[in-house]
Each structure stands twice: as C-alpha cells, then as structure tokens.
C-alpha cells in the first residue's frame with residue numbers, strides 16, 4: 001500500500017522541527033529496491049515543506065538521495081554485507 005505522501009511530509013516535518021534537523025537522507029524515486037513505501041518516502045520529502053520552509057523552522061534543509069541501482073548490484077552488495085558480518 002502506497003503511503004500518503006502528505007502524511008509522510010507532515011510527520012518528517014514535525015521531526016525536523018522538533019530535533020532541529022538540517023539534513024535528510026532519503027531514497028530516490030525508485031526507492032532503491034523498488035519498495036513502494038521507500039518510493040512514498042522519497043515523494044513525501046520531495047516537495048514542500050521541503051527543502052525550505054518557515055513552517056519547519058529552518059532556513060535550509062540539505063536533502064541527500066540514495067540512488068537506485070539494478071537488482072543485481074543491490075543483491076551483490078547486500079550479500080557482501082551479510083558475508084562480512086557472518087565472518088566476524
């Protein structure tokens with residue numbers, strides 16, 4: 001189920017204001033792995049009140065985006081992380 005992007009923006013905005021956050025790292029439009037909720041988060045912070053808004057009490061909010069890669073690359077990296085973790 002696709003999350004309501006207005007609600008995502010509202011919730012994230014509240015946390016930005018509460019914690020005086022100046023940077024956000026999110027997924028890109030592809031949601032990294034194509035996951036529908038990852039895509040909804042990306043959409044929710046893509047538009048106002050982000051990246052600038054007096055309503056969230058910040059003059060500038062830096063927005064970084066993780067780039068979606070092909071599934072092969074995604075699972076190779078994921079597999080590498082699991083192997084490294086297991087080998088500790």
Two-site label geometry, residue 35 and residue 6: point separation in nm, points 7 Å out along Cα→Cβ
2.6 nm
Here the gain from full extension of residue 18 to residue 72, 0.36 nm per residue of separation minus their alpha-carbon distance, amounts to 15.6 nm
Using r as the Cβ-Cβ distance of residue 83 and residue 28, and R0 as 30 Å, what FRET efficiency do you calculate, to the nearest 0.05?
0.70
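Every number in this text was worked out from the coordinates using simple rules, so none of it is lab data. Because the structure is predicted, anything quoted here is derived from the model rather than measured. Note that each Cβ is placed from the backbone with ideal geometry, even for glycine, and that neighbours are counted across all protein chains shown.
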